[in-house]
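Student: Here you go, one structure.
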């Protein structure tokens, strides 16, 4: 039996499928990269598919050849990942790739009579359609899923609040129940015990907040001071209180020592007048969305 393989079609199809796969991995894992790296990696994948059907490409069809190529593609697509994140990206690469392959089989079963080869819905169309469906589904739901179930499932770690070049180390809880954001900037919010960071704050904030922890009154009084540009009013709803307001303040930054000193300046801290010690001895509750900023 003689098979005819169109090299340009094979390359183009695999290039598009690999690009879609890598895009889904990027979105699902919330990895930072540039589009040009994804395109280069997909180009590498297309070259691999083309060369692998040649007699000289026998080694690329082996399991170790495919493994090396997948590692190379991941490295090209995400060149700035740390080692742990890199292997996580490889896991996502295979996981999403297998889901795409399963989607191809499902579509072929749906359109077949005796087999996919007898269907008018070609393999190329099946592959691209399945890749697009899976990629869209995972890119839209992956970030939410990770945030809710895997990446930050009530995890605690040490954070450092920096205000006016003064620092305070706190134990923080990444709480999926905290979805507070600043309506003005869209920055995620960290709720912090006021007493825990009071020593870092300008004196006018301490005096006014201790005199009246009511957010509206404190904001109004502080709006005429030098810190007015860093103040925010953050709306919230909680059990027993709806349409509440919290006084927010934009710090210099929050540092995460356990994440190789990564930091975020795109965050707002809100002041809580009471104690949070019942929450695993934490004095800070952070919206997990801040991890997308570092």
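Student: How many residues does segment 202-225 contain that are part of a helix (DSSP H, G or I) and closer than 21 Å to residue 168 by Cβ?
Tutor: As a first pass, look at segment 202-225 and keep what is part of a helix (DSSP H, G or I): 203-211, 215-222.
Narrowing further to those that are closer than 21 Å to residue 168 by Cβ: 203-210, 218, 222.
Summing the residues that are part of a helix (DSSP H, G or I) and closer than 21 Å to residue 168 by Cβ in segment 202-225 gives 10.
Student: Is it the case, given these coordinates, that residue 61 is at pLDDT 85 or above, surrounded by fewer than 18 Cβ atoms within 10 Å (Cβ to Cβ), out of contact with any strand residue (DSSP E or B) (no Cβ under 6 Å at 6 or more places or on another chain) and assigned by TED's automatic domain parsing to the domain that holds residue 86?
Tutor: Here the answer is no, as residue 61 does not meet what is asked.
Student: Quick one: in segment 206-216, which of the residues that are in contact with a helix residue (DSSP H, G or I) (Cβ under 8 Å, 6 or more places away or on another chain) and under 25 Å from residue 179 (Cα atoms) is surrounded by the most Cβ atoms within 10 Å (Cβ to Cβ)?
Tutor: For segment 206-216, the residue satisfying everything is 209.
Student: Okay, moving on. May I ask you to list the residues in segment 226-265 that are in contact with a helix residue (DSSP H, G or I) (Cβ under 7 Å, 6 or more places away or on another chain), part of a loop (DSSP other than H, G, I, E, B) and at pLDDT 90 or above?
Tutor: 250
Student: Identify, by number, the condition in (1) surrounded by fewer than 17 Cβ atoms within 10 Å (Cβ to Cβ); (2) modelled with pLDDT of 85 or more that residue 272 doesn't meet.
Tutor: (1)
The values are calculated or read from the model by the stated rules, or taken from the named source; none is laboratory data. This structure is a prediction, so every number in the text was calculated from the model and none was measured. Ideal geometry is used to build each Cβ from the backbone, glycine not excepted, and the neighbour counts take in all protein chains shown.
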